[in-house]
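What follows draws every value from the coordinates through simple rules; no lab data is involved. Since the structure is predicted, the reported quantities are computational estimates derived from the model, not experimental observations.
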Amino acid sequence: MLIRREGSRDAAAIREITVAAFARPAEAGLVDELRESEAWIPALSMVAVESGVIGHVLCTRGHVGGAPVLALGPLTVRPDRQRAGVGSALMHAVLGAGDALGEPLVALLGDPRYYGRFGFRLSGEYQITPPVAGWQPHFQVRLLTGYRREVRGTFRYAEPFDRA
């Protein structure tokens, strides 16, 4: 398996596996909208490839207060390849890339039991609040080496997430 940056010919495959993994087209539409938005960070849209795309992850620009940070998601693995390490490989790759770019942190909404293995903690530990109060038990943050303690406040996703 190879993890690489998304290429210009990968969009259709990413859309297909995203619909299959989530069993609905909303997340695939979100990825398409993010790709066209100002929040898009091409270096942080990565695919797992094994004779075709089998997984995808992306980080886009989010904000905590006025500070630029990363928003992770969606993370997608083709259903027949789930629980085989593809998602973990994608997570390690995108976190390493974000760190190499000097980003301060990555935020996401997800299962703490899964994302905890990658160093994510509930956002409240860092005085970061989710955009929706009810998300608190699942809204998490992973600090990167560019983190500064003054990055605190309410997290804000890129505008396409508001429509998802």
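The table below gives the values:
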quantity: Phi-based couplings in Hz for region 129-135 (Karplus 6.51, -1.76, 1.60; Gly and Pro marked x); calculated: 10, x, x, 10, 4, x, 7
quantity: Thr129 long-range amide H proximity, modeled H, under 5 Å; calculated: Gly153, Thr154, Phe155
quantity: Acute angle (nearest 10 degrees) that the helix 86-100 long axis makes with the longest principal axis of the chain, alpha-carbon atoms; calculated: 50 degrees
quantity: Added length on full extension, which subtracts the Cα-Cα distance from 0.36 nm per residue, Arg163 to Glu16; calculated: 50.9 nm
quantity: Table column - 3J(HN,Hα) (Hz), region 40-53, Karplus curve with 6.51, -1.76, 1.60, x for Gly and Pro; calculated: 5, 10, x, 5, 10, 10, 10, 10, 9, 10, 8, 6, x, 6
quantity: For region 2-163, diffusion coefficient by Stokes-Einstein and Kirkwood Rh (Cα), 25 °C, 0.890 mPa s, µm²/s; calculated: 156 µm²/s
quantity: Region 73-118-region 1-68 distance, computed between alpha-carbon centres (Å); calculated: 12 Å
quantity: Amide H within-cut-off set for Val53, under 5 Å, with H built and near neighbours excluded; calculated: none
quantity: Region 18-57: radius of gyration over Cα atoms, expressed as a fraction of 2.2 N^0.38 Å; calculated: 1.24
quantity: Rounded to 10°, Cα long-axis angle of helix 26-35 versus longest principal axis of the chain; calculated: 80 degrees
quantity: Helix-only CD estimate at 222 nm, as mean residue ellipticity for the chain, using -39500 (n - 2.57) per DSSP H run (n ≥ 4); calculated: -7500 deg cm²/dmol
quantity: Nearest 10 degrees, 0 to 90: helix 11-22 Cα axis against the chain principal axis; calculated: 70 degrees
